[in-house]
Amino acid sequence: QVHVVESGGGLVQAGDSLNLSCTASGRTSSNNAMGWFRQAPGKEREFVAAISWRGDNALYTDSVKGRFTISREYAKSTVALQMNSLKPEDTAVYYCAVGLSPYSGPLISGYRYWGQGTQVTVSS
């Protein structure tokens with residue numbers, strides 16, 4: 001009964017910024033970490049960033065460190081991903097996920113509920 005919805009994707013040029021938002025509704029526990037994954041055509045779904053349920057610990061994949069920032073608003077179980085200095089390699093469908101532990105890591109197996117994704121396209 002958990003519904004996860006992402007928004008904020010779009011078409012931008014290299015170097016531009018986007019802010020993705022995600023809200024989980026239903027019976028989501030406030031004690032869950034939340035994360036972002038992405039999947040490009042022909043590639044496996046990969047980890048992007050995650051944040052602990054208290055917002056005091058964040059984890060990023062190496063390719064986005066220094067460019068992306070994940071944040072969490074406890075009300076309505078909302079998480080955001082601020083993406084700066086976007087590159088064509090960032091083009092993918094971005095998925096928001098809700099973990100089942102306070103400190104879910106970079107593995108897909110650490111997450112239970114998923115959104116349907118939002119498209120991010122970065123042109124060169």
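The values are calculated or read from the model by the stated rules, or taken from the named source; none is laboratory data. Every value quoted in this text rests on a predicted model; they were computed, and no experiment measured them. Virtual Cβ from ideal backbone geometry, glycine too; neighbours counted across all protein chains shown. Accessible surface is based on the protein model in full, side chains and every heavy atom, while ligands, DNA and RNA are left aside. Shrake-Rupley method; radii C 1.70, N 1.55, O 1.52, S 1.80 Å.
Measuring with a 1.4 Å probe in the full set of protein chains, what accessible area per residue, in whole Å², belongs to the chain?
52 Å²
For the chain, modelled as a Gaussian network with Cα springs under 10 Å, which listed residue fluctuates most, K43, K65, K87?
Among K43, K65, K87, the largest GNM mean-square fluctuation belongs to K43.
Test of understanding: what is the full-extension gain from S7 to N57, defined as 0.36 nm times their sequence separation minus their Cα-Cα distance?
15.7 nm
I'm checking a number: the convex hull volume of the Cα atoms of the range 69-124, normalised per residue, in Å³. What is it?
Output value, Cα hull per residue: 102 Å³.
Using only Cα atoms, figure out Rg for the chain and give it as a multiple of 2.2 N^0.38 Å.
Scaled against compact globular proteins, the figure is 0.97.
Once you've got the GNM for the chain with C-alpha springs shorter than 10 Å, pick whichever of D16, D56, D90 has the biggest mean-square fluctuation.
Highest fluctuation of the listed residues: D56.
Ignoring any ligand, DNA or RNA, what whole percent of the accessible area of the range 20-124 comes from carbon and sulfur when the probe is 1.4 angstrom?
48 percent
For a quick check of your reading of the filter: which chymotrypsin sites (Phe, Trp or Tyr not before Pro) in the range 74-110 sit in a DSSP loop and have no more than 13 other Cβ atoms within 10 Å?
Qualifying residues, ordered by number: Y74.
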